[in-house]
Structures are given as structure tokens and as C-alpha cells.
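The values are calculated or read from the model by the stated rules, or taken from the named source; none is laboratory data. A quick note: this is a predicted structure, and the numbers were derived from the prediction, not measured. Cβ coordinates were reconstructed from backbone atoms using ideal geometry, including for glycine residues, and neighbour counts include every protein chain displayed.
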Amino acid sequence: MTVMSQINHETLQHLVDQSRYYIEDAETTLYLDRLNTELDDLAEIQSVKTDGVKPTTNGNDNDNVLREDVPKEWAYRKQALENAPAHDGDHFEVPQIMD
Amino acid sequence: MTVINETIESLKDKLNNKETTAKAVTEQTLKQIKAVDGDVKAFLTVTEAEALKQAEALDAKGDFSAKLAGIPGSIKDNIVTKGVRTTAASKMLDNFTDPLYDATIIENLIAADAITLGKVNMDEFAMGSTTETSYYQKTKNPWNLDHTPGGSSGGSAASVAAGQVLFSLGSDTGGSIRQPASFNGIVGMKPTYGMVSRYGVIGFASSLDQVGPLTRTVKDNAYVLEAIAGHDENDMTSIQDDVADLTSDIDKGVAGLKIALPKQFLTDAVSKDMQETVAKTVETLKSLGATVEEVELPHVVYSPHVYAILSSGEAASSLARYDGVRFGHRAEDAENMIDMFKKSRTEGFGKEVKRRLLLGTTVLTGDWNQTYFRQAQKVRTLIREDFIKVFKDYDLILGPTTTGEAFALGEEIDPEVAKMNDILTVPVNLAGLPGLSVPAGFGANNLPLGVQFIGKHRDEKTVYQAGYAFEKANDLTGKLPQIGGQN
């Protein structure tokens, strides 16, 4: 399998954007070099033969146990609202998101 | 009586016989914290008033029959504690001063009448192996203050080694209990995935995270695990079985046990001191009647890669919740919602967290999802199968916990050494197995070295039996840390 890790400035910007934080212009090269190096190193696993191997998503063999939803009272509603940066009556108050 | 020289059993005997009181134990513990924490810097929050109140209530009740009655402990700061600030050592949660509920494991500790003295330092969101990525402070190794305690549960390990508490709860995603246990000359257990509830534990990588105890002795460790383990309906990955009795047969010994020693755990990247320590451990176990043989775990050499990909990918998902909306740090002067998310995260997260989030986002994006993330999940299967194969013929697996002694503060860690350290600890998380680090000796700088016993799924009992037998045969009690080893 070929290594597909080469990331350019444009792709980096997209990935940082998706990671939901900002980087300074001066940091771009550092971030770019480091991510490419990491992806190149990690590409070593692509040499492992995994045809027919199922992915493992969890550290144990638990099966899902399904049941009907049962509503419960939650005692901390008022405190939860008070723990938020801001609240208005029974609602979390967040900055305006639409113009 | 000095708390520092006691075990859970001996302290409980003294409480039961009225030779001391929970309040006296708590006061002495607080005194020790005040005496040494200026140097060690293990604690982020000390809950003095609450601990004394808890102790007084226990004394008034006069019943010390609960599993950890009157026993002083500390809690890693990624475990949610009602009314007590819980930060995961991140600026992002600096203002999380009044959590509304206790994690299930804290409820379990309260039910066991343990006395909790406060919250201890860690790498930010448990991402690191030296506790140096904490937003707040750098914790020092009590054996030598120029060295790190390891990480990410560095505050937990240091608080136990420095005699501040008899136990601590840490969390282990890729070695974060066992490596600091090894570096601090104490015992650390990463239990089987699902044995301990993660409800109220601030997530890093959900398929790998597991909470476990750090203590000075193997038996103390088993007592604490008995107290915190058990099914929890609030954690969908929690194992449904009852908790096994881990302590009553702990002195059963290792005679007749078959122990595997994987070649991949003893490469040239492991220090000479550690190689010799493992060789001596093998001799000790053989003298106690165990058989020790070399085996192969061929795919563990890929575990650092698999771990980096899966843990970063899972973290990118787990940490998406920190967006400044409902809780945590919110940046001011944002122009719109997305700008608020980004500014809050830019200000709230440290460098190491940002590095991992970017890698995680990348391996979940586009074609990389298949070539990295999906492939890593498949290699994880092969690593698990290697263990299953070995455990068909063997009862336990033995190896070094770390490549060598604790890193110096600020030390640039050689990438090959870092990779080998991952090979020693990470496979246990990937396969969901129990792993116990037990003090085994000392290196050239007189710093502790630990060995690791790995068991089958849910077989903590055999792991503790082997650790207990080895600890008794390999008495290290004469060696004490620079800080807090004696009163």
C-alpha cells in the first residue's frame, strides 16, 4: 500500500479548521512538518497483512444489551444551569449563532 | 503509629482496636501533605475540611468494617468529584469548580468509607508520560526531585510514593498507571477493560481508558480494586459480572504457574539495568515454583502506531464537547459561533492536546480513515489474537514495565525509547487485559524499576497472586524515597 500522507498547506488549514482551533501563521510550517512526519511513521502499519481481519473497536467482548428507555428524574437541573457560563430561566444561554 | 508505615490491613486493625481514630489518621495525612507537597507538587486541590468531616463522621459511627474504612487516598483530577474542582489539568476546565455529581467509583469509595484527601496532578487530559503537560504545575519524583514521576497519573504515583496517602486512583489509556508506578517504586494496576466504571471519568480514548489503583503494596492494591470495581448501568462498556474476590487467596503463590516472557519486550531499547532486573525476577519466580518460557507476540511491535492512531482519533471525538457552549472555558469577543468554538479551544487546550487532536482529526478524515484508522483497528485485532494464543498455554505474561528509570525533568525523550515504552504498556490497553506493575529493583541512578504481570481477561486474581508472591520474595522495604519515605 502506498503512503498517502503528504499534506500541503491547504489541506493542513482544512484539518486545523475541522479540529476547531486556530494556529498562528508562524506555526504553520511546524504543524505541517510534524503532521507529515507522524503520518509517514504511522504508515508502517499499512504493511501489515489484514485481509479478512475484522476491526476491533473495544477492549472486551461485551454484546450490546438493549432495553426500553425508562425516563428518570434528574435532581440537578437547576445546578447544571448554574454551572453553565450563562443561563436564562430553564435554558442554557449561548451566544447568538444566526444573524 | 505513623500512617506512612502502615498497610490498609494494619491501619484497619488499629482503627478496629481503637489504637487510633480516623480523625487522627486524617490529621497525620494532612500534615504529611503539607510537609512535602511544596517539593513534590502532587496535589492540585486538598480537601482538608471535607476529609476531616468524613473522618469525624466515621469515628462517630464507630464501625470500621467497610473495605477501606478510614484509609486515606487521593484522586486523579480527571475523575469527577461532587463539589470539588475537577480540571483534568487543563485550562479548559479551570472553572469546573462545582461538579454536580460523583463518578461511580467515587460513590464506591464513599460506600467503602475511604477518606479522600483531594485531587492530584496529571498530564493535560491524560495526554503525556511525564505529567509535564499539566496546565498547573510540574510534579516531581519523590525518589529524586530532578526527575519526573512519569505520567499521566504522575500526581497519583507521587502522592503514594511520598507517603501522602495510602492509595490513589489513576487512569490508564496506554500505560498511565503502570509507568508512573514503575518510576515511583509503587504498585499500579490497569484492570480488565470494563471492570471499573468510567461514568464520571473525563474521557480521553473511550475504548482504551480504564481506572485503577496505585498503592505501596500488592495486597493494598487488590483491596482498593475490590472496592471500586463492579457493574454500573451508567457505563455501557461495564462488565456485567460480579466482582471477584481478589484478596482472600492472594497468598496462594506461583507454584505450578506457567509464565510467558515475550521476546518483543526485551530488545536493546530496554536498559541494561532493566534487563538484569527482569532476569532476576525470572529467577525469583522460578525459585518459587513457576515455569518461565520465552514466547512471541509478533504484532506488538505495531502497538505504538495503533495506539497513536486510535487514541488520537478517539480523543478528537471525545474532546469535541469542549466548545465553550455548556461548560468549560469560553473565549470572549467571538464574532460568531464557529469563531467562539475555535477561540475557546485555542485558548483552553495546551500544545500536546492540540497536536493529538490534529492527528486524530486527520486519521478520521477522507481516505486516511481507511488507510490509518480502520487499518489500526484491524492490527489491534491481530495484537489481541497474539495474546489469546499465548494465553492458551500460559497463565501470565511477564515483562519490564518501562525501558528504564524515570526521565529527568525537561528531558528530551529519545523517540526509540518512547516507542519501546509504548510497546511495553500499550498492548495491554489494546487487548483490554489486566496489567500490574510491581517494584522489582533499582537502576544506575538509584531510581526504581518495575516489572509487569499481564493476565487473561478478568483474571486479576492470578495477576495479584503472582505480584504478591514476587513482592514477598523480593523484599525492597529497606529502600526509601528521598521525600516521604519515613517519619
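Residues that are under 21 Å from B:Thr215 (Cβ atoms) and part of a loop (DSSP other than H, G, I, E, B) within the stretch B:5-28 comprise B:Glu6, B:Thr7, B:Thr20, listed in sequence order. Put simply, of B:Asn121, B:Asn95 the only residue that is among the polar types (S, T, N, Q) and surrounded by fewer than 24 Cβ atoms within 10 Å (Cβ to Cβ) is B:Asn95. If you check B:Ile106, B:Ile115 for being away from chain A (no Cβ under 14 Å), within 18 Å of the chain's Cα centre (by Cα) and touching a residue at least 24 places away in the same chain (Cβ under 8 Å), only one passes: B:Ile106. Might you check whether a residue that is touching a residue at least 40 places away in the same chain (Cβ under 8 Å), surrounded by fewer than 24 Cβ atoms within 10 Å (Cβ to Cβ), within 14 Å of chain A (Cβ to nearest Cβ) and of a type outside the set (S, T, N, Q) occurs anywhere in the stretch B:392-415? There is no residue in the stretch B:392-415 that is touching a residue at least 40 places away in the same chain (Cβ under 8 Å), surrounded by fewer than 24 Cβ atoms within 10 Å (Cβ to Cβ), within 14 Å of chain A (Cβ to nearest Cβ) and of a type outside the set (S, T, N, Q).
Quick check on B:Ser317: is it in contact with a helix residue (DSSP H, G or I) (Cβ under 9 Å, 6 or more places away or on another chain), crowded, with 23+ Cβ neighbours inside 10 Å and more than 8 Å from chain A (Cβ to nearest Cβ)? Talk me through it step by step, then tell me what you get.
Details: in contact with a helix residue (DSSP H, G or I) (Cβ under 9 Å, 6 or more places away or on another chain): yes; crowded, with 23+ Cβ neighbours inside 10 Å: no; more than 8 Å from chain A (Cβ to nearest Cβ): yes.
No: the conditions fail for B:Ser317.
If you go through the stretch B:330-367 and pick out every residue that is more than 7 Å from chain A (Cβ to nearest Cβ), in contact with a helix residue (DSSP H, G or I) (Cβ under 7 Å, 6 or more places away or on another chain) and buried (at least 22 other Cβ atoms within 10 Å of the Cβ), you end up with 5. Consider the stretch B:40-70 and keep the residues that are under 20 Å from B:Glu6 (Cα atoms) and of a type in the set (D, E, K, R). The one that is surrounded by the fewest Cβ atoms within 10 Å (Cβ to Cβ) is B:Asp63. B:Ala103 falls short on exactly one of the conditions (1) touching a helix residue (DSSP H, G or I) at 6+ places or on another chain (Cβ under 9 Å); (2) surrounded by 21 or more Cβ atoms within 10 Å (Cβ to Cβ), and that condition is (1).
Exactly one residue out of B:Ala89, B:Ala69 is in contact with a helix residue (DSSP H, G or I) (Cβ under 7 Å, 6 or more places away or on another chain), farther than 21 Å from B:Leu30 by Cβ, assigned to a loop (DSSP other than H, G, I, E, B) and among the hydrophobic types (A, V, I, L, M, F, W, C): that is B:Ala89.
Please go through the stretch B:76-86 and pick out each residue that is among the aliphatic types (A, V, I, L, M) and either outside any strand (DSSP E or B) or over 10 Å from B:Asp102 (Cβ atoms) (or both). Talk me through it step by step, then tell me what you get.
The initial filter retains those residues of the stretch B:76-86 that are among the aliphatic types (A, V, I, L, M), namely B:79-80, B:84.
Selection gives B:Val80 alone.
The set of residues in the stretch B:208-247 that are within 14 Å of another protein chain (Cβ to nearest Cβ) and under 19 Å from B:Gly155 (Cα atoms) comprises B:Asp209, B:Gln210, B:Val211, B:Gly212.
If a residue must be assigned to a helix (DSSP H, G or I) and closer than 20 Å to B:Thr81 by Cα, how many such residues does the stretch B:39-55 contain? Counting residues in the stretch B:39-55 that are assigned to a helix (DSSP H, G or I) and closer than 20 Å to B:Thr81 by Cα gives 8.
From the list B:Val301, B:Val292, B:Val282, the lone residue that is facing another protein chain (nearest Cβ under 10 Å) and at pLDDT 95 or above is B:Val301.
Could you say whether any residue in the stretch B:212-220 is touching a residue at least 12 places away in the same chain (Cβ under 8 Å), of a type in the set (A, V, I, L, M) and in a helix (DSSP H, G or I)? Yes, the stretch B:212-220 has at least one match.
Check B:Ser159, B:Ser182, B:Ser207, B:Ser248 and return the single one that is over 12 Å from the mean Cα position of the chain (by Cα), of a type in the set (S, T, N, Q) and not in a loop (DSSP other than H, G, I, E, B). Give the steps one after another, and end with the answer.
Values: B:Ser182 fails: over 12 Å from the mean Cα position of the chain (by Cα); B:Ser207 fails: not in a loop (DSSP other than H, G, I, E, B); B:Ser248 fails: not in a loop (DSSP other than H, G, I, E, B).
Just one listed residue meets the conditions, B:Ser159.
In the set (1) at the interface with chain A (Cβ under 7 Å from one of its Cβ atoms); (2) surrounded by 21 or more Cβ atoms within 10 Å (Cβ to Cβ); (3) part of a helix (DSSP H, G or I), B:Thr381 fails one condition alone, (2). With respect to (1) aromatic (Phe, Trp, Tyr); (2) part of a helix (DSSP H, G or I); (3) within 9 Å of chain A (Cβ to nearest Cβ), the lone exception for B:Tyr307 is condition (3).
Residue check: is B:Val224 under 29 Å from B:Pro142 (Cβ atoms) and crowded, with 22+ Cβ neighbours inside 10 Å? Can you show your working first?
Details: under 29 Å from B:Pro142 (Cβ atoms): yes; crowded, with 22+ Cβ neighbours inside 10 Å: yes.
Yes; evaluated as a whole, the condition is true for this residue.
In the set (1) at positive phi; (2) surrounded by 23 or more Cβ atoms within 10 Å (Cβ to Cβ), B:Gly256 fails one condition alone, (2). Within the stretch B:465-477, restricting attention to residues that are in contact with a strand residue (DSSP E or B) (Cβ under 7 Å, 6 or more places away or on another chain) and of a type outside the set (A, V, I, L, M), the residue that is farthest from B:Lys219 (Cα to Cα) is B:Asn474.
Screening B:Gly324 against (1) within 26 Å of B:Glu132 (Cα to Cα); (2) facing chain A (nearest Cβ under 9 Å); (3) in a helix (DSSP H, G or I) leaves a single unmet condition, (3).
Pairing residues of the stretch B:463-481 that are at pLDDT below 95 with residues that are not in a loop (DSSP other than H, G, I, E, B), at Cβ distances under 6 Å and at least 6 apart in sequence or on separate chains, gives B:Leu476/B:Pro439; B:Pro481/B:Ala161.
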